[in-house]
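Here is the structure we will look at.
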Amino acid sequence: MDRTLESLRHIIAQVLPHRDPALVFKDLNVVSMLQEFWESKQQQRAASLNESVVVYESLPSPGPPFVSYVTLPGGSCFGNFQYCLSRAEARRDAAKVALINSLFNELPSRRITKEFIMESVQEAVSSTSGTLDDADDPSTSIGAYHYMLESNMGKTMLEFQELMTIFQLLHWNGSLKALRETKCSRQEVISYYSQYSLDEKMRSHMALDWIMKERESPGILSQELRMALRELEEARKAGQELRFYKEKKEILSLALTQIYSDPDTSSPSDDQLSLTALCGYH
C-alpha cells in the first residue's frame, strides 16, 4: 500500500507539478484539479483540447440526495457514491472518484503487459470451465478474451474498458449472438468493432433493436430500464466505473422516446445492418 501511495505521489508530481501530493484529495477544488489533470494528459499526447475535456451531468432532483456523473475523455464514467446534500457537493464527490481512478490508471500495474495478460487469462480460466489451451483458440471465449488483450497491448485499463464496454453492450443487446449465427469469427467481430467508438449512431442502432424486441415482447423495454436504473445506482454507490450501466439506460430511454414519439418507427436501415458486411453479406 505504501508503494502504491508513493507511486501516486510521483504521478501527481509529474502531471500536476504545482500541487502538493499530500493535499490533493483534501482540496475542495477537486473539480478544477480533475480538469487540469486531463488537460495536461492531452497536452502530453499533443491532442487537441476541447472546451469540455471533462463533462458533468447532474440528475434533476427537487431535493437531496443529489446525483452527479462525470465522463472523462474516452468515455469512462464515474459518479458520486456518498449521500450529497447539494449539487455542488455531488459534483465534487464525483470528481474525487474520477480523479482517484485517473491517477490509479497511470500506475504501471494498470497497463496491459504480457505478464498482465498471462495473469488475466489464468484468472479467466479458473472462473470458467475452460482450459489454458483455449487461450490459443480464438473461437473460444477464453481465446477471444486473450486476443482482445493482446490487441490492446500497452493500453491502460481505462482505455481497455472503453473497448470492453462496446462488447458488453453488444452481448446485452443480442448483436454478438446474431453475428455468431452468421458464422462470423470472434476475431472478425473484435477487429471490426475495435475500429469504432460508442457514438450516437451506434446508440441509435441499438435503440432500434430494442424497439423491435418491444414489438415482439411488449413490456420488455420498461422491465430492462428498471433493471438498468437499479444496476446503475448500485454501481455508483459502490464507486465503480459506470459507462456500461449508463449507456444501457441511455439506449433504453432513447428507444422508449422513439416509440412514444413515433409509433410507426421504421425497421432498421441498410446502414444499421452494415455489421453483416464484415461477414460478406449485403
For segment 103-117, pairs from a residue that is within 9 Å of Met153 (Cα to Cα) to a residue that is part of a loop (DSSP other than H, G, I, E, B), with Cβ under 6 Å and 6 or more apart or across chains, are Ile112/Asn152; Ile112/Met153; Ile112/Lys155
Residue set Ser127, Ser102; condition exposed (fewer than 14 other Cβ atoms within 10 Å of the Cβ) and either over 19 Å from Lys249 (Cβ atoms) or of a type in the set (A, V, I, L, M) (or both); output residue Ser127
If we take segment 160-271, then helices (runs of 4 or more DSSP H) inside it with 2 or more residues that are among the aliphatic types (A, V, I, L, M) and modelled with pLDDT of 90 or more are 200-216, 220-237, 243-261
Pairs returned, first residue in segment 196-220 that is open to solvent by 40 Å² or more (accessible area, probe 1.4 Å), second residue that is of a type in the set (Lys, Arg) and part of a helix (DSSP H, G or I), beta-carbon separation under 7 angstrom, 6 or more apart or interchain, are Ile220/Lys213
Within segment 72-93, residues being open to solvent by 20 Å² or more (accessible area, probe 1.4 Å) and within 12 Å of Val31 (Cα to Cα) number 4
> Gly75: modelled with pLDDT under 95 and not assigned by the TED database to the domain that holds Phe160, yes or no?
Replying inline: yes
Notebook entry, point to check: Does Arg91 meet the test of being touching a residue at least 24 places away in the same chain (Cβ under 8 Å), among the basic types (Lys, Arg) and within 30 Å of Ser58 (Cβ to Cβ)?
Noted result: yes
Over segment 224-233, the set of residues surrounded by 12 or more Cβ atoms within 10 Å (Cβ to Cβ), free of Cβ contacts under 8 Å to residues at least 12 places away in the same chain and not hydrophobic (A, V, I, L, M, F, W, C) is Glu233
**Request:** Answer yes or no as to whether Ser175 is surrounded by fewer than 17 Cβ atoms within 10 Å (Cβ to Cβ), more than 29 Å from Ile100 (Cα to Cα) and not acidic (Asp, Glu).
**Result:** no
Listed by first then second residue, the pairs whose first member lies in segment 133-161 and is of a type in the set (D, E, K, R), whose partner is assigned to a helix (DSSP H, G or I), with beta carbons under 6 Å and at least 6 positions apart or on separate chains, are Asp134/Ile142; Asp134/Gly143; Asp137/Gly143
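The values are calculated or read from the model by the stated rules, or taken from the named source; none is laboratory data. Quantities reported herein were computed from a predicted structural model and do not represent experimental measurements. Every residue, glycine as well, gets a Cβ built from its backbone with ideal geometry; the counts of neighbours run over all protein chains shown. The accessibility values were calculated without ligands, DNA or RNA, using every heavy atom of the protein model including side chains. Shrake-Rupley method; radii C 1.70, N 1.55, O 1.52, S 1.80 Å.
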